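Below is one structure; the comments refer to it alone.
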Amino acid sequence: MEENEPIASRPDVGWRPTFSIIVGVGWLIFLIAWFAFYASNYVWEQNIAIILLSILVAFTLLGGVWAIWGLKMIPKEGREMFKTFGFKWRVQVSIIIPYVAMIFLIIWFWHYAIVFNFDVWKNIAVLLITLLILGGLLGAIWARWGMKNAWKFDKQATYYCNEENKEKPENKKEED
């Protein structure tokens, strides 16, 4: 945004920043209360599961609120990407796969890490393997699409990033 841009033309974030602060502070209060009063009743693996679950809930709340706002703010040129074959399902899968991975880790730390009697290092290995699989899946999903379709959007990005095209037509001065 430019300094002289009228306030009316800026996107209104409304109540979302306040909501984000409330969720963040609420999450910290929850963690402090959990550690102070409840954590000693559970083994360390279950405490990790509770922390991951609280992170999942906070991200779901914040992600939902900000994603809806972000979708409303996509410029007309950006909406063309959603019409490209394969883009929508890749976005949807890119949301679902991390949720599945997080749910797996929550279940792992709550139950299986205890049942299999894994030590700290084996649990860290499970966490790292999960993250590597997550990255590999997302990379495999997006790599081919990106190689196949990047040229379409590079043209748009190049056009809109040029200095002479950044100014709006109504703000451009006539040069004689």
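The values are calculated or read from the model by the stated rules, or taken from the named source; none is laboratory data. Everything numeric here is computed off the predicted structure, so don't read it as measured data. Counting neighbours? That spans all protein chains shown, and the Cβs are built from the backbone with ideal geometry, glycine included.
So which of 29, 74 is loosely packed, with under 14 Cβ neighbours inside 10 Å and farther than 30 Å from residue 141 by Cα?
29
Taking residue 14 as meeting all but one of (1) part of a helix (DSSP H, G or I); (2) surrounded by fewer than 11 Cβ atoms within 10 Å (Cβ to Cβ); (3) outside the structural domain of residue 148 (by TED's automatic domain parsing), write down the number of the exception.
Among (1) part of a helix (DSSP H, G or I); (2) surrounded by fewer than 11 Cβ atoms within 10 Å (Cβ to Cβ); (3) outside the structural domain of residue 148 (by TED's automatic domain parsing), the lone unmet condition for residue 14 is (1).
Starting from residues that are modelled with pLDDT under 95 and outside any helix (DSSP H, G or I), keep the ones in region 42-85 and report whichever is nearest to residue 15 (Cα to Cα).
Among those that are modelled with pLDDT under 95 and outside any helix (DSSP H, G or I), it is 73.
Here's the yes/no breakdown for (1) on the phi > 0 side of the Ramachandran plot; (2) outside the structural domain of residue 24 (by TED's automatic domain parsing); (3) surrounded by 14 or more Cβ atoms within 10 Å (Cβ to Cβ); (4) within 14 Å of the chain's Cα centre (by Cα):
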{"residue": "80", "(1), (2), (3), (4)": "no, yes, yes, no"}
{"residue": "84", "(1), (2), (3), (4)": "no, yes, yes, no"}
{"residue": "106", "(1), (2), (3), (4)": "no, yes, yes, no"}
{"residue": "117", "(1), (2), (3), (4)": "yes, yes, no, no"}
{"residue": "122", "(1), (2), (3), (4)": "no, yes, no, no"}
{"residue": "129", "(1), (2), (3), (4)": "no, yes, no, no"}
